[in-house]
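Here's the structure we're looking at; comments come further down.
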Amino acid sequence: YQSISPKAIYDGSLWPPRRGGTPEVPMDALVASEPDNVYILLGANALSGNTTGDALIEYYSIMLGEIKGRLSTEVKIYIQALTPVRPEAKYGMELVHSVNNRLAKLAMENGAYFVDLTEPLAGDDGYLREEYASKLDGIHLTPAGYEAWVQYLQYLIIY
């Protein structure tokens, strides 16, 4: 789902799948898919204009509880960090680090795994690598950025 928030995952609203099709309730679609693993990366859009990330963390917590309550206890849940941003982004790396620390704590408290995406996506300066950053906003990824992200996840799965 494009531009979906954690709250929209569990609130019963209808969302069109990214590749088209009939709108669906995301939580119902997730449960129906009977996954072995769930990878979650949400929130970059929600941080624009937000200075603390408090609401995002609150909604993540509720969403995580809903997911755990509706899926088998055998399902592994991976909470992925917010990706690094460029200096020109609407919000800075300080907020990204703050939210990611809170997401890591939330993952630990809920028996989920935390995947830090800084390593594969940030340059030596700590910001999103220029070649991975959309020229439009300095937040969203380019195809090369998505490829680096996918390769990193594949590496983690193998090891």
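The values are calculated or read from the model by the stated rules, or taken from the named source; none is laboratory data. Because the structure is predicted, anything quoted here is derived from the model rather than measured. Reconstructed Cβ throughout: ideal geometry from the backbone, glycine too, with neighbour counts over all protein chains shown. SASA here: full protein model, heavy atoms, side chains in, ligands and nucleic acids out. Shrake-Rupley method; radii C 1.70, N 1.55, O 1.52, S 1.80 Å.
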Given the options Tyr113, Tyr59, name the one that is in contact with a Pro (Cβ under 6 Å, 6 or more places away or on another chain), under 15 Å from Leu41 (Cβ atoms), open to solvent by 70 Å² or more (accessible area, probe 1.4 Å) and free of Cβ contacts under 8 Å to residues at least 60 places away in the same chain.
Tyr59
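Quick one: is Leu121 surrounded by 20 or more Cβ atoms within 10 Å (Cβ to Cβ) and either among the acidic types (Asp, Glu) or closer than 14 Å to Ala44 by Cβ (or both)?
Yes; evaluated as a whole, the condition is true for this residue.
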Considering residues of the range 118-128 that are free of Cβ contacts under 8 Å to residues at least 40 places away in the same chain and either of a type in the set (Gly, Ala, Ser) or touching a Leu at 6+ places or on another chain (Cβ under 8 Å) (or both) only, the residue farthest from Ile57 (Cα to Cα)
Gly123
Whether any residue in the range 11-21 is in contact with a Gly (Cβ under 9 Å, 6 or more places away or on another chain), at negative phi and at pLDDT below 95 is what I want to check.
no
Scanning the range 45-56 for residues that are in contact with a Gly (Cβ under 9 Å, 6 or more places away or on another chain) and at negative phi, which turns out most open to solvent (accessible area, probe 1.4 Å)?
Ala46
Looking at (1) in contact with a Leu (Cβ under 7 Å, 6 or more places away or on another chain); (2) assigned to a loop (DSSP other than H, G, I, E, B); (3) under 29 Å from Pro35 (Cα atoms), which one does Arg86 not meet, given that it meets all the others?
(3)
Being open to solvent by less than 60 Å² (accessible area, probe 1.4 Å) and touching a residue at least 40 places away in the same chain (Cβ under 8 Å): is that true of Ala89 here?
yes
Restricting attention to the range 1-44, which residues are surrounded by fewer than 18 Cβ atoms within 10 Å (Cβ to Cβ), outside any loop (DSSP other than H, G, I, E, B) and of a type in the set (Gly, Ala, Ser)?
Ala29, Ala32
Given the condition assigned to a loop (DSSP other than H, G, I, E, B), more than 22 Å from Val31 (Cα to Cα) and more than 16 Å from the chain's Cα centre (by Cα), answer yes or no: does some residue in the range 52-64 qualify?
yes
